[in-house]
Structure formats: structure tokens, C-alpha cells
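Trainee: Please read through the structure below; I'll follow up with questions.
The values are calculated or read from the model by the stated rules, or taken from the named source; none is laboratory data. If you're wondering where the values come from, they're calculated on a predicted model, not measured in any experiment. Please note: Cβ atoms are built from the backbone with ideal geometry, for glycine as well, and neighbour counts cover all protein chains shown. Accessible surface is based on the protein model in full, side chains and every heavy atom, while ligands, DNA and RNA are left aside. Shrake-Rupley method; radii C 1.70, N 1.55, O 1.52, S 1.80 Å.
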Amino acid sequence: MTAADIPFTRPCLTGKELTYIAEAVRSGRLAGNGPFTKRCQRFFQEHYGFHQALLTSSGTDALEMSALLADISPGDEVIMPSYTFVSTANAFVLRGARIRFADSRPDHPNLDVESLEALITPRTKAIVPVHYGGAACDMDALTHLARQHHLMVIEDAAQAVNAFYRDRAGRLRPLGGIGELAAFSFHETKNVVAGEGGMLIVNRTELTARAEIIWEKGTNRTAFWRGEVDKYEWIDVGSSFLPSEIVAAFLWAQLEGMDAIQQRRMRWWQAYHERLAPLEEK
């Protein structure tokens with residue numbers, strides 16, 4: 001076997017993905033924000049205590065929604081690690097922001113929080129920590145710095161579904177639940193997948209109403225479906241950020257089987273670790 005024979009990623013399937021997709025098709029409700037979408041969102045809110053979870057077409061979409069909710073505009077500066085995927089930067093560049101890149105720690109690819117203060121200027125609007133590989137940034141130090149300078153913290157938790165951070169008080173906190181906003185990804189390279197897909201987490205109560213509007217193409221359609229308004233209207237900027245029920249149905253099968261998926265992936269990791277240990281020792 002050569003390196004070319006080893007796939008970069010291989011999604012773990014639970015066996016229920018096609019069953020739930022067929023259920024979504026039979027329901028006749030294929031557009032976004034249907035029953036499977038609501039199940040997925042409720043799962044994250046109930047399991048992790050997130051204030052609001054909105055399923056998106058990708059982690060990139062969740063980051064772009066974050067940039068809109070943070071009111072990023074031309075000339076604003078956003079701090080993020082230099083070691084990340086392009087979506088982290090693109091979401092804010094699209095709003096006209098200037099990106100200020102922070103270096104990694106000497107012992108870890110995550111951003112070095114001690115280097116952040118030197119990057120802050122009067123134009124700085126937000127800090128975007130990336131929990132690379134599901135390993136948490138030093139969120140105690142980062143959030144303390146952000147509060148001092150009145151900056152928003154937007155967690156890029158694309159690789160951090162079901163990952164946690166133990167703060168200095170000893171509390172175990174879910175990644176994505178610490179900053180004002182957070183973005184998850186369910187791309188097929190992640191542990192829990194939907195092919196493509198993502199989720200925006202809103203932890204600041206006053207942002208939730210606008211988040212729904214941006215999510216629904218700038219309209220108050222979600223409020224209309226709840227019976228809160230007589231008709232829905234275009235009232236803000238937004239885009240088509242909702243995934244279809246087909247994507248949500250696939251994801252629901254994954255969320256139901258998440259514990260088994262994680263256990264299986266840990267066994268794979270252990271196998272690689274044991275076999276590569278002799279090379280590491282050399």
C-alpha cells in the first residue's frame with residue numbers, strides 16, 4: 001500500500017442516513033427549516049446549552065453570517081490566526097475588513113494569545129480564534145483581552161463539534177459556547193458530516209432576532225411561520241444560508257450516532273498512533 005491508497009478522509013456512516021433522507025422526500029418538505037432542520041438545531045441547544053443554533057449550508061456560510069451580525073464594514077480590522085482555512089478570512093474580507101494575522105504558539109498551531117494585544121488598534125472589531133483540530137484556544141485569556149478592549153469574540157469551531165474547554169474555574173465548557181458567535185462545519189472531512197453543511201451559534205440574546213432574519217434572506221419569514229407577524233417582508237440584508245431538508249436529514253442520522261462515530265474514530269487514531277510511535281521515537 002502506498003500513500004496514494006490511503007484516502008484523506010473517510011466519513012463514518014451510521015446506516016440511517018438514507019432512511020432519513022427518504023423520510024424527508026416522502027414528507028414533501030424539502031426546503032430549509034423543516035422538521036429535520038429543527039431536530040438538528042434543538043440537539044445543539046439542548047446538549048450544549050447554546051442559546052440559538054441555526055443550520056447553514058456550510059461552515060463558511062456560518063462565518064459570513066457572523067460577519068454580518070458583527071456589523072463588519074470597510075475599514076474595520078479583524079484579528080485571526082495565520083494558520084487557518086481561507087473561509088475564516090474570506091467571510092470578513094467580503095464585508096471590507098482588513099485582516100490582522102496572529103502567529104501560532106511555539107508549541108501549538110493555535111493562535112498565540114500573548115501576541116494579540118500588539119495587533120489591536122482603534123479599528124479592531126473582533127477576534128476570531130480557530131480551535132484547530134478540535135483543540136481549544138486559551139479562551140480565558142482571549143475573552144479577558146476582548147472584554148478589556150470591547151471586542152467581539154467569534155469562534156471558528158469548524159473542527160470542534162463535541163469538543164470542550166476546561167476554564168480556569170474548572171468548568172468544562174463546549175467550544176462554540178464561549179464567544180458571542182461561533183461557526184461549526186459538517187463538511188465531509190469533519191468527524192460529524194453532512195457532505196456540506198454548517199451551523200451558526202448565537203450566544204448573545206440581542207443578536208438572535210437579527211440572526212434569523214439574515215438566515216432567511218433578510219426577511220422575517222421565520223417569525224411569520226411562528227405566527228408572530230401577519231406577512232413576511234424584506235427588512236435587512238441576508239442571503240440563502242439555509243440548507244435543504246435532505247442535508248439536515250443526513251446530519252440528523254450523524255448526530256444520533258455521534259458517540260459511536262467518535263468511538264470508532266478514536267480506535268482508528270489509536271491504531272495509527274501505535275504503528276507510528278516507533279518512527280516518532282527515531
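Trainee: Quick one: Val237 ticks every box in (1) open to solvent by 40 Å² or more (accessible area, probe 1.4 Å); (2) under 29 Å from Asp71 (Cα atoms); (3) modelled with pLDDT of 95 or more; (4) in a helix (DSSP H, G or I) bar one, so which box is it?
Mentor: All conditions pass for Val237, except number (4).
Trainee: Kindly provide the set of residues from region 69-82 that are farther than 26 Å from Glu212 by Cα and either within 17 Å of the chain's Cα centre (by Cα) or of a type in the set (Asp, Glu) (or both), ordered by number.
Mentor: The answer is Pro81, and nothing else.
Trainee: Separate question: In the list Leu251, Leu255, Leu276, Leu242, which residue meets the criterion of being in contact (Cβ under 8 Å) with a residue 24 or more places away in the chain and either in a loop (DSSP other than H, G, I, E, B) or open to solvent by 30 Å² or more (accessible area, probe 1.4 Å) (or both)?
Mentor: Just a single option satisfies the conditions, and that option is Leu242.
Trainee: If you don't mind, another one. If we only count strands (runs of 3 or more DSSP E) wholly inside region 1-108, which ones have 2 or more residues that are open to solvent by less than 40 Å² (accessible area, probe 1.4 Å) and touching a residue at least 40 places away in the same chain (Cβ under 8 Å)? Full working, then the answer.
Mentor: On the way: elements: 52-56, 77-81, 98-102.
Because the criterion is at least 2 residues that are open to solvent by less than 40 Å² (accessible area, probe 1.4 Å) and touching a residue at least 40 places away in the same chain (Cβ under 8 Å), the strands (runs of 3 or more DSSP E) in region 1-108 that meet it are 52-56, 77-81.
One line per residue, one yes/no per condition, for (1) out of contact with any Asp or Glu (no Cβ under 8 Å at 6 or more places or on another chain); (2) modelled with pLDDT under 95; (3) β-branched (Val, Ile, Thr):
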{"site": "Pro74", "(1), (2), (3)": "yes, no, no"}
{"site": "Met80", "(1), (2), (3)": "no, no, no"}
{"site": "Phe85", "(1), (2), (3)": "yes, no, no"}
{"site": "Thr88", "(1), (2), (3)": "no, no, yes"}
{"site": "Arg95", "(1), (2), (3)": "no, no, no"}
{"site": "Arg98", "(1), (2), (3)": "no, no, no"}
{"site": "Ala136", "(1), (2), (3)": "yes, no, no"}
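Trainee: Additional query: Can you pull out the residues in region 110-151 that are open to solvent by 10 Å² or more (accessible area, probe 1.4 Å), closer than 20 Å to Leu200 by Cβ and part of a strand (DSSP E or B)? Walk me through how you get there before you give the answer.
Mentor: Filtering region 110-151 for residues open to solvent by 10 Å² or more (accessible area, probe 1.4 Å) gives 112-115, 117-125, 130, 132-136, 138, 140-141, 143-145, 147-151.
Now narrow it down to the ones that are closer than 20 Å to Leu200 by Cβ: 125, 130, 132, 134, 136, 143, 151.
The answer is Lys125, Val130.
Trainee: Kindly indicate which of Ile127, Ile178 is touching a residue at least 24 places away in the same chain (Cβ under 8 Å) and over 27 Å from Asn33 (Cβ atoms).
Mentor: Numbers: Ile178 fails: over 27 Å from Asn33 (Cβ atoms).
That would be Ile127, the only listed residue that is touching a residue at least 24 places away in the same chain (Cβ under 8 Å) and over 27 Å from Asn33 (Cβ atoms).
Trainee: Select, from Ile154, Ile178, the only residue that is out of contact with any His (no Cβ under 7 Å at 6 or more places or on another chain), open to solvent by less than 40 Å² (accessible area, probe 1.4 Å) and outside any loop (DSSP other than H, G, I, E, B). Steps first, answer last, please.
Mentor: Numbers: Ile178 fails: outside any loop (DSSP other than H, G, I, E, B).
Step by step, each of Ile154, Ile178 is checked, and only Ile154 is out of contact with any His (no Cβ under 7 Å at 6 or more places or on another chain), open to solvent by less than 40 Å² (accessible area, probe 1.4 Å) and outside any loop (DSSP other than H, G, I, E, B).
Trainee: Can you find a residue in region 197-214 that is of a type outside the set (A, V, I, L, M, F, W, C), modelled with pLDDT of 95 or more, within 22 Å of Gly15 (Cβ to Cβ) and in contact with a His (Cβ under 8 Å, 6 or more places away or on another chain)?
Mentor: Step one: list which residues in region 197-214 are of a type outside the set (A, V, I, L, M, F, W, C), which gives 197-198, 203-206, 208, 210, 212.
Checking the rest, the ones that are also modelled with pLDDT of 95 or more come to 197-198, 203-206, 208, 210, 212.
Right, trim to within 22 Å of Gly15 (Cβ to Cβ) and you get 197.
In the following step, the residues that additionally are in contact with a His (Cβ under 8 Å, 6 or more places away or on another chain) were identified as 197.
Yes, that holds for at least one residue.
Trainee: Go through region 187-220 and give me each residue that's open to solvent by less than 60 Å² (accessible area, probe 1.4 Å) and farther than 30 Å from Gly134 by Cα. Before you say what the answer is, go through the steps one by one.
Mentor: Applying the first criterion (open to solvent by less than 60 Å² (accessible area, probe 1.4 Å)) to region 187-220 yields 187, 189-190, 192-195, 197-203, 207-208, 211-216, 218-220.
Gly218, Thr219, Asn220, listed by residue number.
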